[in-house]
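Below: one structure, written as structure tokens.
Values in this text are rule-based calculations from the coordinates and carry no lab data. Given the structure is predicted, the values throughout are model-derived calculations rather than measurements. Cβ sites come from the backbone with ideal geometry, for glycine too, and all protein chains shown count toward neighbours.
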Amino acid sequence: MSLLHPDGISNSYLEGSVDISELQDYPKTVRAYQDARSELLRSSLVNNNKSTSKLTIHRLIQDCAKSKMSLERSVSVFSADVNMLWLKWPIDEPGVRHCKECELMCPHILRLRDYYTQASEGLQAVLINDLVWTQLMNELSGNAAIPPKRLTAITFRKKASNTLSSKSKLAKGLLAETHNNLAGSATELNRPREAMEHFVKYNKMLEEEHRRSPNDSDARLTSSCFNIGMSFSMLSQYEKAVEWLKKALAEAERLSEPRKVKLARSLALINLGMTYWFSENFDESHDILKRALREREEFLGPNDRQSMLTGRILHGLGNVRNSLGIFEESFDTHKKALLHFKETVGNNHHRTGNSLLQDCRALCPNWGSPGSH
């Protein structure tokens, strides 16, 4: 607990490490864990919030514990915390972000990052060899596009590049996913050329991996194709964008599980539909987005809340219907998109804000033109 964020350490994290933590003195049974927790509570070293099932610990107690750790103990505790959080980190399907779960874990991951950056050079030299730590930081950078976390991603990309000399499968996979996350961050920051550079590298690494070991359950190659298509679309190179997006749809058919095929096709169809909209091919765009919505409804049912992808389809349909002059349908569709975003990614997500803006535009089609205010 001494290296985690003191204001709310979930019991589920700590109990989840019972009998699997590499720390020799960590409880081996749930009963032993409960006894150890009770001892800490009786000594007033920690507090237990029963309503949230979280423990809190004073920072001074954490500092005291850390000051007494040897270098070997610091490395062991750091590694144990990293593995504990990694066990709880939600692994996403392409295009799906478990924002709420990740948000709860971020304070602990950032606390570990601060411990690492403030450590002595000798301790840093040992900690930086923990590939699971690098993998966790890479996942964190992929769930946030704000510049400070993007800089963190760049730092750990360099770490992954250095580690790649080990030729390990984990290191190569980590480097590939770091390129993917850097590309995603560049996309959110509207840097299409930078995004393209990393998406292309990611695609090439995945193609090499699949040539060596074909895997018909891995949808990442499909996602890499539609991400390259999206980058071309951002550069207004719509013909190349359509080419890559159709390649993504073809690649999705290679997958063995119907569920993965449907999920992989969703993002490719969304981006293909929006690319046609950007190139003012409104009828084709409308047909593609309606197909995307129909496929998700066939698989997940109407009004699903599996992720924000259905919201993105509705948002796109609202835009296209506005361009087609179907203003009432556009407004109704944007209202559905707004509700979907609020219930999946929350009120503070940028897609929710953008959807609200589109609602205003659908209410007043000439909004923003001279004399409309």
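May I ask you to evaluate 6.51 cos²θ - 1.76 cosθ + 1.60, the Karplus curve with θ = phi - 60°, for each residue of segment 51-60 and list the ³J(HN,Hα) values in order in whole Hz, giving x for glycine and proline?
So the Karplus estimates, Gly and Pro as x, are 5, 9, 6, 10, 9, 10, 9, 6, 4, 5 Hz.
Mind ordering 112-124, 321-333, 76-88 by average Cβ neighbours within 10 Å, highest first? Each step should come with its number before you reach the end.
Details: 112-124: 13.8, 321-333: 16.9, 76-88: 19.1.
So the order, starting with the most tightly packed, is 76-88, 321-333, 112-124.
For segment 6-98, which GluC sites (Glu not before Pro) are both in a DSSP coil and crowded by at most 16 other Cβ atoms within 10 Å?
Listed in order of number, the matching sites are Glu22.
Report the local net charge at Leu272: Lys and Arg +1, Asp and Glu -1, summed over other residues whose C-beta lies under 12 Å from its C-beta.
Net of charged neighbours comes to +1.
Students often check this: by mean Cβ neighbours within 10 Å, which of 191-199, 62-70, 301-309, 224-232 ranks highest, and how do the rest follow?
224-232, 191-199, 301-309, 62-70
Give me the number: length gained by fully extending Glu328 to Lys290, i.e. 0.36 nm times residue separation minus the C-alpha to C-alpha distance, one decimal in nm.
Gain on stretching Glu328 to Lys290: 12.0 nm.
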